[in-house]
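Take a look at the structure below.
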Amino acid sequence: MTALLEVKNLTKSFQGLVAVNDVSFALAPGRITALIGPNGAGKTTCFNLVAGALSPTRGQVLFEGRSIERTPPETVCRMGIARTFQIVRPMKDMSVLENAMVGAFSWTTSVKEARAKAYESLESVGLAGKANARTDQLTLPDRKMLEMAKALSTRPRLLLLDEVMAGLRPTEAAGVVGVLQKLAESGLTILLVEHVMRIVMEVASTVVVLHHGAKIAEGKPSDVVADPRVLESYLGAGFHA
Amino acid sequence: MQKKFDQTSDPKRWGAGVLVFAILAMVGSISNAYIISLLTVVLLFTFMGQSWNLMLGIGGQLSIGHALFVGIGAYSVAILNIKYGITPWIGLILGAAIAGLIGAVLAWLSFRFEVRGIYFALLTIAAAEFARIMFGGWDYVGGMQGLFFQAPTGSMDIAMLRGDTRFYYFVALTLAAIGVAGTEMISRSYLGYVWRAMRDDDDAARALGVQTFRHKILVISISAAMAAIGGGVLGLVQGAIFPDSIMGMSISVDVLIGPVVGGLGTAFGPLVGSMAAIPLHHAMGALGDSFGIPGLNSIAYGAVLILVVWFLPDGIWPAVVRLYGAIQLPARVRISKLREVENDRAA
Ligand SMILES: Nc1ncnc2c1ncn2[C@@H]1O[C@H](COP(=O)(O)OP(=O)(O)OP(=O)(O)O)[C@@H](O)[C@H]1O
Ligand SMILES: [Mg+2]
């Protein structure tokens, strides 16, 4: 099976600080891959590189074999990669529903179609009941879910989720996990940044571990958590799970 | 910025719009010449304000040099009509096209080189001032002495867009109605959604596939073309155009005062704001003249702006809508209570 996304020797430095260092991995279609690592490991930077928000200093990002590392974010999105922002970015003067509609306009100009898609996306993250709310009336976990709904409305083939379950109660997180599993079953490929190891163990078929920008481990969740280097990197950073 | 105040249903809004313009049409049929010519200017600035509103209130792009586009429209109409006897209709279309193109080029150059936000706004004012000075030194268009339309004969001629005060009032009213309805339609279309998205958060919008670069160029271009049409008619109404009066900073201010005072990003804001601000401008101008205080109108403008921004940061119109909502709510609650009681009795 060929990879949907392939990242090759990806490197990004910010004035001397190497945030992502020679990272390579590949995502199999229809699978959930978790990208983990302590704070400041370079996970969000990786997302930004894949999504076109940043250009790498070195290395390649291949989506369906096409190199996209110099492609602007709106084009990357239209090619089928949607991302959420770790620091949520709702359109603050638009309603929850309107926020979720925006992504749909990447594939339709029909307001009716966009509204239907937005309801569907909100429904899947449990926000349909708050469709007409203002975004500042949402709790932070709900805003994270809105990020996800916005991304889903673009009809992505690859979904990049940056800590969307942070702050959710276990029952709510379980609901979202269910949603992710259903999405993956329907063929969506997901790259997930997540700090809660229990969730990672449950949903991910592969885990990629970053530490100080470099990939230190990759493999099945059960193997990765047993890897001494992984334990060390986390314990050093005060790991709690 | 505008909040989610306009949740009234569509038919209600359209109904209200039709009613307002019907009343304005009646006012135009019965009022005296002074009121009519004042209202004509109000309506023209409603239309131009609507163009500015589209660009900032919906598209998130600030212009403080809309006089550039207003002037281009006015000069296109005037040059073709005065020098070649060509109907203003052609001048309006040509002016809109030129202004749209210049707006697009300005936006393209600016955003291509990452000049954004307030710096783009400064660029618009620089462009407007450059054009004003250029037209002032250009003999072909009369330089500072400007261009004069033939005095109207009084008889109405739609093909040449000539007529009396009342005729221009209805032209302006039609434009304002098109402006309000047009912005309403655009903001309800997909363009409105993606423009508001890029207004609220450019990067987040791009991440959702919104091609913000071209959408910014588009909204600025449409806004510029609209402003040019308003300017073309304004020149006809005034009977003469001068670089200082039609391309000056004060025109840029007159254009933006309606939406800022009335309510940014709303369909009715520019109308309400122009109704409030422009008569005040005129009254204070007259008052200033009679007391020999030049600039009284500008002071009054400034004061109104500060007061509105201070007390009604969303503008007058959203405040009115909120007030209306506040009055409505208890009534609704009362009615639902009544229904409950009735249901209880029925049960
Ligand atoms: N735009 C930037 N300019 C300079 N340094 C940056 C920038 N973005 C990220 N960094 C730095 O790069 C490193 C990696 O940051 P990144 O946000 O990718 O980490 P992360 O793994 O997502 O961490 P967290 O778990 O806290 O979200 C950090 O040291 C951060 O300070
Ligand atoms: Mg991060």
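Just so it is clear, none of the values below were taken in a lab; they were calculated from the coordinates. Bear in mind that the values here come from a model prediction, so they are computed numbers and not experimental data. With ideal geometry, Cβ positions are generated from the backbone for all residues, glycine too; neighbour counts draw on all protein chains shown.
Shielding value for A:84-97 is 4, the average number of Cβ atoms from other chains within 10 Å of each residue's Cβ. For segment A:162-241 versus segment A:82-129, the spacing of their alpha-carbon centroids is 25 Å. Working value for segment B:10-261: equivalent-ellipsoid semi-axes of 30, 24, 14 Å, each the square root of 5 times a Cα gyration tensor eigenvalue, largest first. Across the alpha-carbon set of chain A, the Rg to Rh ratio works out to 0.96, Rh being the Kirkwood radius.
By the rule of a C-alpha distance below 20 Å, with chain neighbours fewer than 8 residues away ignored, the aspartates and glutamates paired with residue A:112 are A:98, A:120, A:123, B:6, B:10, B:184. Helical content alone sets the calculated 222 nm signal of chain B at -25000 deg cm²/dmol, taking -39,500 (n - 2.57) per DSSP H segment of four or more residues and averaging over every residue. For the residue pairs A:117/A:182; A:12/B:216; A:117/A:144; A:144/B:12, alpha carbon separations beyond 24 Å are given by A:12/B:216; A:144/B:12. For chain A, the mean residue ellipticity at 222 nm estimated from helices alone is -10500 deg cm²/dmol, where every DSSP H run of n ≥ 4 contributes -39500 (n - 2.57) and the total is divided by all residues, rounded to the nearest 500. Taken as Cα centroids, segment A:48-81 and segment A:11-46 sit 14 Å apart, rounded to the nearest whole angstrom. Distance from the alpha carbon centroid of segment B:244-319 to that of segment B:156-178 works out to 24 angstrom. Remark: spin-label model distance residue A:226-residue B:29 equals 9.0 nm, labels positioned 7 Å along the Cα→Cβ axis.
Between the amide H of residue A:196 and any residue lying 5 or more places away or on another chain, no distance stays under 5 Å, with hydrogens modeled in the peptide plane. Between helix B:212-238 and chain B there is an angle of about 60 degrees, using the helix long axis and the longest principal axis of the Cα atoms. If I fit a long axis through the Cα atoms of helix A:170-185 and take the longest principal axis of the Cα atoms of chain A, what angle between them do I get, 0 to 90°, rounded to 10? It works out to around 90 degrees. Peptide A:75-82 has a mean of 3 when you count, residue by residue, the C-beta atoms of other protein chains within 10 Å of its C-beta.
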